1. Which percent of the accessible heavy-atom area of the stretch 264-355 goes to carbon and sulfur, probe 1.4 angstrom?
2. Consider just the alpha-carbon atoms of the stretch 148-218 and return their Rg together with their Dmax, both in angstrom.
3. Rounded to a whole number, what % of the accessible area of the stretch 163-240 do carbon and sulfur atoms account for, probe 1.4 Å?
4. Leaving out ligands and nucleic acids, note down the accessible area per residue over the stretch 152-291 with a 1.4 angstrom probe, in whole Å².
5. For a Förster distance of 35 Å, can you work out the FRET efficiency between the beta-carbons of ASN295 and SER543, rounded to the nearest 0.05?
6. I'd like the chymotrypsin sites (Phe, Trp or Tyr not before Pro) in the stretch 291-336 restricted to DSSP loop residues with at most 12 other Cβ atoms within 10 Å, sorted by number.
7. What number of lysine-lysine pairs in the stretch 161-254 show an alpha-carbon separation below 18 angstrom, given a sequence spacing of 8 or more or placement on distinct chains?
8. Tell me which residues come under 5 Å, amide H to amide H, from SER108 once H is placed; ignore anything under 5 positions away on its chain.
Amino acid sequence: MDVGFSVATSTSLLLSSALLSSVPSNYCSRRVSILPVNAWNSLAVRRVAPLNTSCKVSMSTSIKTSGTEIRQSYSEEFHDSGEFSIMGLSPLDGRYAQKTKNLRPFFSEYGLIRFRVMIEIKWLLKLSEIPEIKEVSELGEDARSFLKLIVDNFSIEDALEVKKIEEKTNHDVKAIEYFLKQKCKSCSELAEVLEFFHFACTSEDINNLAYAVALKEALNNVILPVMIELCKTISNLAKENANIPMLSRTHGQPASPTTLGKEMANFAVRLGNQGKIFSGIRILGKFAGAVGNYNAHKVAYPNINWPSIAEEFVTSLGIGFNPYVTQIEPHDYIANLFNAVIQFNNILIDFDRDIWSYISLGYFKQITKPGEVGSSTMPHKVNPIDFENSEGNLCLANAVLSALAMKLPISRMQRDLTDSTVLRNMGVGLGHSLLAYSSSLRGIGKLQVNKSRLNEDLELTWEVLAEPIQTVMRRYGVPEPYEKLKDFTRGRAITMDSIRDFIKNLELPDKAKSELLELTPHLYVGEAEQLAKDVDHAIDLISGFRLQ
């Protein structure tokens, strides 16, 4: 019987790691399974029975999985309270807790402990399937179901029990082993093989796989879908405003007109192109023992092909296998992944700043909400706070993610411990990213195009037609066209009448002169409108934005 394990926990709202030790007992008094209200799940809550302590466990369903699918019925919900949030050291667990809580199942201490438990259990199951290891016969259905329930029903009480054991061991992964031995001794079949928990493993065998699975599931189920939503939203903004002419500004000065939609299309395509990078990044794992050579494995069972077994085990979790490692997987893939997120964030910062500037110019108005205050002293203010919040959080996110990307691939000889404390901050960098994406989306939803203000700027900048005029003059061989337009326009107030008088005096064919006389700043937008309308053809949201 093949009983799979639930690894991804995007459908759970779990306790933040920073505050596990201070949870009041009344918050941990019951088990629930919860699906958050979001774009890919509907709300559903139901009670889950406590884990049986005997080996005889009946399962209502048998689920065959690759090891990374979601089973939507196993975890605890932490009930956020005002007191709890206001005491959070990090704003991600305080002020912004509700906006980042979907990352808690992956990057909280609870999440890390649960993923470690899952890896340890699956390794025991793998050992039971190797014929040469006669000391661990293939486990029966009851034993497998018992193990499965440990993961599926893993609770905050369980995590706190692991933390209690860690107080004695002063070693977080060894505490997992002792927890499982304690949990499984009541099952007679498992009681005979307790010493095969953590068999031939170094702590990093467990940790690197726990982090790898958490990263993949968090990105695929939480972060990347919001990135896609951003691309779609900005793309829609481009198509809706494809034909709205707008004055460009290069160096902050009036320049050849564009359309509002085309400028939005630029960002949609840039973000979409960045999304393609994620599909080329392989999440990797190792399982080769203390220094990457299967030393202990080989001594205990010399006739087993351990590299092949390790590869089978790692790939069964839905991640790639790295055969050449030291004690640690070298984390190069994490650096590549975070650099991709950083660049996406950089593009979004550029977008946030441009939208901020367009709001400042009056090109966009912002929909007001009754009761909201823009300034504590200036009643008229409607500030672009969402884009400012996004920009600030993107800067924080990139600072953390770039530190991780630069540090993690560097380790002294076969291993040092500097990566251990650094890895615990992955949720911080991704949490600030998620917060920023949500802020940008909220800000976009408030935007209203101010066509009269856009038209006003165009009407006041007839000098931008100097470019097409001198270009047509070049076509028909008029000498020194650039210099003539330079003398005519620079430092002077140019109006519709003055520029048309200039055109009338040019030695050009009547047809060319007539076309120039009909040209206005509003019409001088080239192919901007069509480019904006065609934006979806330039964006691939199917093959990108997905870790394979």
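1. Ligands and nucleic acids excluded, carbon and sulfur give 50 percent.
2. Answer for the stretch 148-218, Rg first and Dmax second: 12.9, 36 Å.
3. 44 percent
4. In whole numbers, the stretch 152-291 has 35 Å² accessible per residue.
5. Given R0 = 35 Å and the Cβ-Cβ separation, E is 0.25.
6. TYR324
7. 10
8. Sorted by chain and number, the residues that satisfy this are SER17.
The values are calculated or read from the model by the stated rules, or taken from the named source; none is laboratory data. Quick caveat, the model's predicted, so the values are computed rather than measured. In this analysis, Cβ positions are derived from the backbone assuming ideal geometry, glycine residues included, and neighbour counts consider all displayed protein chains. Ligands, DNA and RNA are stripped out before the accessible areas are found, and what is left, the full protein with its side chains, is counted by its heavy atoms. Shrake-Rupley method; radii C 1.70, N 1.55, O 1.52, S 1.80 Å.
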